[in-house]
Amino acid sequence: MRLSRYFMPILKENPKEAEIVSHRLMLRTGMIRQQSQGIYSWLPLGKRVLDKVNAIIREEQNRAGAIELSMPTLQSAELWQESGRYEDYGKEMLRIRDRQDRPMLYGPTNEEMITDIFRSSVKSYKSLPLNLYHIQLKFRDEIRPRFGTMRSREFLMKDAYSFDLTQADAIHSYNKMFVAYLRTFDRLGLRAIPMRADTGPIGGNHSHEFIILADTGESEVYCHKSFVDFDIPAADTDFDSVDGLQSVFDKWTSVYAATSEMHDEAAFDAIGENDRLSARGIEVGHIFYFGTKYSEPMGAKVQGPDGKEHLVHMGSYGIGPTRLVPAIIEASHDENGIIWPASVAPFDAVVINMKPGDEACDTTCDRLYVALQNAGKDVLYDDTDDRAGTKFATADLIGVPVQVIAGPRAVAAGEVELKDRKTGARETLTIEAAINKLTA
Ligand code: 5CA
């Protein structure tokens with residue numbers, strides 16, 4: 001992408017309305033734009049990051065055996081009347097009427113709809129286990145939308161729903177998502193801690209929130225420090241191994257961790273003073289097992305091996321991609337801007353032409369740009385005639401992991417400079433060596 005032809009509306013000044021660093025940086029880099037309270041457009045730079053976050057979530061959901069579909073944002077109120085949640089959900093639910101005056105709503109979550117899809121076509125235990133997910137917009141008319149896309153009214157959610165014959169099978173399905181979540185957050189460059197959590201309007205009594213520690217987090221959390229050293233399950237984890245997954249779950253829940261709603265002062269105090277952590281955190285995921293809470297009122301049953309009808313046991317599993325993007329920034333930035341983990345960076349590298357119009361600089365940059373693109377890299381080519389200081393500041397601000405700087409003197413010697421955004425380390429390499437390094 002040539003910067004001169006891109007749409008990246010950078011703000012020179014810090015936006016006044018932004019209270020936390022991620023919100024400030026997302027506005028300054030032109031990743032998002034607020035359209036009305038708690039409702040955002042994702043501009044091209046932000047959309048790139050969001051797409052990469054979604055791709056990782058999708059890969060890990062698929063690895064764990066979940067199957068993607070797509071459900072609509074608008075739902076009929078009828079389904080919610082069946083489950084009893086139409087009244088219960090309160091003012092957070094945006095209620096709408098269509099031209100026939102039928103009550104509709106903008107989905108805040110999809111338990112009812114997925115249960116309806118399930119009951120319409122699954123009749124036998126032989127079709128189980130089943131886990132269906134989508135990545136779709138939700139709407140919750142939050143009392144206090146704030147911090148940009150961290151707590152917005154319209155937001156993206158990956159929501160998965162599992163169906164099993166028995167409670168024991170459902171716990172295995174829960175553990176699959178538990179492991180998938182550990183892997184997902186790790187690949188996004190985050191250390192997320194699973195914590196016992198309150199279930200709120202979703203229901204059930206077995207639930208974990210995945211929390212990343214950050215001073216600006218909205219949740220108050222208490223945990224044992226040892227989480228930092230726990231191993232992340234490998235890519236070749238056998239998701240069919242009941243005992244294997246249970247042992248991962250047991251390990252990750254073996255030490256104290258709870259949000260304020262579930263906090264047990266005595267258990268926390270029993271931890272030695274040096275191993276205790278009381279901090280603030282951001283909830284990036286939440287998983288629930290709620291048994292037959294929806295299958296019962298909605299009549300979602302399958303025929304079991306005994307020939308009898310059984311209500312299915314369900315769970316639901318949410319991740320907030322539009323919250324994860326600012327959460328990653330909260331965890332990874334410095335005074336000059338964002339520092340993207342390579343896995344979600346909007347571009348893998350930015351090629352900075354220090355003197356556009358200079359034949360040697362242009363030729364070198366074109367060569368780098370083409371070579372990196374041909375190797376499958378996402379490359380931003382700063383071909384603008386901005387001042388050097390502006391170019392460097394922009395590259396630092398948008399946080400692309402590697403900067404390839406092509407100035408007239410270096411280029412005349414057949415060289416370019418590479419700068420690592422995270423460490424600030426610089427090295428001068430021949431153009432050939434730079435290409436080899438960046439495409440390795
Ligand atoms: N049905 C269940 C799981 S699929 C559910 O709705 N869970 S939830 O309410 O905990 O939401 C799941 C995830 O969505 C949260 O962990 C959070 O990451 C994200 N999320 C929830 N509300 C918001 C919001 N207002 N803005 C941004 N992300 C949100």
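The values are calculated or read from the model by the stated rules, or taken from the named source; none is laboratory data. Bear in mind that the values here come from a model prediction, so they are computed numbers and not experimental data. Here the Cβ is made from the backbone with ideal geometry for all residues, glycine too, and neighbour counts use every protein chain on show.
Per-structure values
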{"item": "Positions within the range 133-157 being closer than 17 Å to Ser70 by Cα and within 8 Å of the ligand (Cβ to nearest atom), in sequence order", "result": "Lys138, Phe155, Leu156, Met157"}
{"item": "Residue satisfying condition, being assigned to a loop (DSSP other than H, G, I, E, B), assigned by TED's automatic domain parsing to the domain that holds Asp164 and β-branched (Val, Ile, Thr), within set Thr115, Thr109", "result": "Thr109"}
{"item": "Residue in the range 335-343 that is within 16 Å of the ligand (Cβ to nearest atom) and crowded, with 22+ Cβ neighbours inside 10 Å present", "result": "no"}
{"item": "Options Arg99, Arg191, Arg187, Arg183; residue that is over 30 Å from Ala18 (Cα atoms), basic (Lys, Arg), within 14 Å of the chain's Cα centre (by Cα) and surrounded by fewer than 21 Cβ atoms within 10 Å (Cβ to Cβ)", "result": "Arg183"}
{"item": "Only one of Gly204, Gly148 that is crowded, with 23+ Cβ neighbours inside 10 Å and at positive phi", "result": "Gly148"}
{"item": "Cβ pairs under 6 Å, 6+ apart, first in the range 196-218 and more than 16 Å from Tyr256 (Cβ to Cβ), second crowded, with 20+ Cβ neighbours inside 10 Å and modelled with pLDDT under 90", "result": "Ser207/Ala197"}
{"item": "Qualifying residue in the range 274-291 (condition: away from the ligand (no atom under 16 Å from the Cβ) and assigned to a loop (DSSP other than H, G, I, E, B))", "result": "no"}
{"item": "Residue within the range 289-307 that is among the small types (Gly, Ala, Ser), in contact with a Lys or Arg (Cβ under 9 Å, 6 or more places away or on another chain) and on the phi < 0 side of the Ramachandran plot present", "result": "yes"}
{"item": "Leu397, sole failed condition from (1) in a helix (DSSP H, G or I); (2) out of contact with any helix residue (DSSP H, G or I) (no Cβ under 7 Å at 6 or more places or on another chain); (3) not basic (Lys, Arg)", "result": "(2)"}
{"item": "Inter-residue pairs, beta-carbon under 9 Å, first without any contact (Cβ under 8 Å) to a residue 12 or more places away in the chain and over 15 Å from Gly203 (Cβ atoms) and in the range 80-106, second part of a helix (DSSP H, G or I) and not aliphatic (A, V, I, L, M), 6+ apart", "result": "Gln81/Glu87"}
{"item": "Wholly enclosed strands (runs of 3 or more DSSP E) of the range 124-237 bearing at least 3 residues farther than 18 Å from Asp250 by Cβ", "result": "130-139, 154-164, 206-213, 219-224"}
{"item": "Inter-residue pairs, beta-carbon under 9 Å, first not assigned by TED's automatic domain parsing to the domain that holds Gln34 and in the range 137-157, second among the β-branched types (Val, Ile, Thr), 6+ apart", "result": "none"}
{"item": "Boolean, Phe210 is surrounded by 14 or more Cβ atoms within 10 Å (Cβ to Cβ), more than 30 Å from Val21 (Cα to Cα) and aromatic (Phe, Trp, Tyr)", "result": "no"}
{"item": "Candidate set: the range 1-38, residues that are surrounded by fewer than 14 Cβ atoms within 10 Å (Cβ to Cβ) and in contact with a Lys or Arg (Cβ under 6 Å, 6 or more places away or on another chain); chosen: the one farthest from Arg144 (Cα to Cα)", "result": "Leu11"}
{"item": "Some residue of the range 79-102 being outside any loop (DSSP other than H, G, I, E, B), touching a Gly at 6+ places or on another chain (Cβ under 7 Å), within 27 Å of Pro297 (Cβ to Cβ) and not hydroxyl-bearing (Ser, Thr, Tyr)", "result": "no"}
{"item": "Those residues of the range 51-77 which are in a helix (DSSP H, G or I) and touching a strand residue (DSSP E or B) at 6+ places or on another chain (Cβ under 6 Å), in sequence order", "result": "Asn54, Ile57, Gln61, Ala77"}
{"item": "Counted residues, the range 158-176 - those being crowded, with 24+ Cβ neighbours inside 10 Å and within 10 Å of the ligand (Cβ to nearest atom)", "result": "3"}
{"item": "Residues being closer than 28 Å to Gly200 by Cβ and either in a strand (DSSP E or B) or not hydroxyl-bearing (Ser, Thr, Tyr) (or both) - total across the range 240-268", "result": "19"}
{"item": "The listed residue being among the β-branched types (Val, Ile, Thr) and surrounded by fewer than 19 Cβ atoms within 10 Å (Cβ to Cβ), out of Ile56, Ile117", "result": "Ile117"}
{"item": "Residue match in the range 312-328 (condition: in a strand (DSSP E or B) and either modelled with pLDDT under 95 or over 30 Å from Glu82 (Cβ atoms) (or both))", "result": "no"}
{"item": "Check on His313, within 16 Å of the ligand (Cβ to nearest atom), in contact with a Phe, Trp or Tyr (Cβ under 9 Å, 6 or more places away or on another chain) and more than 21 Å from Val221 (Cα to Cα)", "result": "yes"}
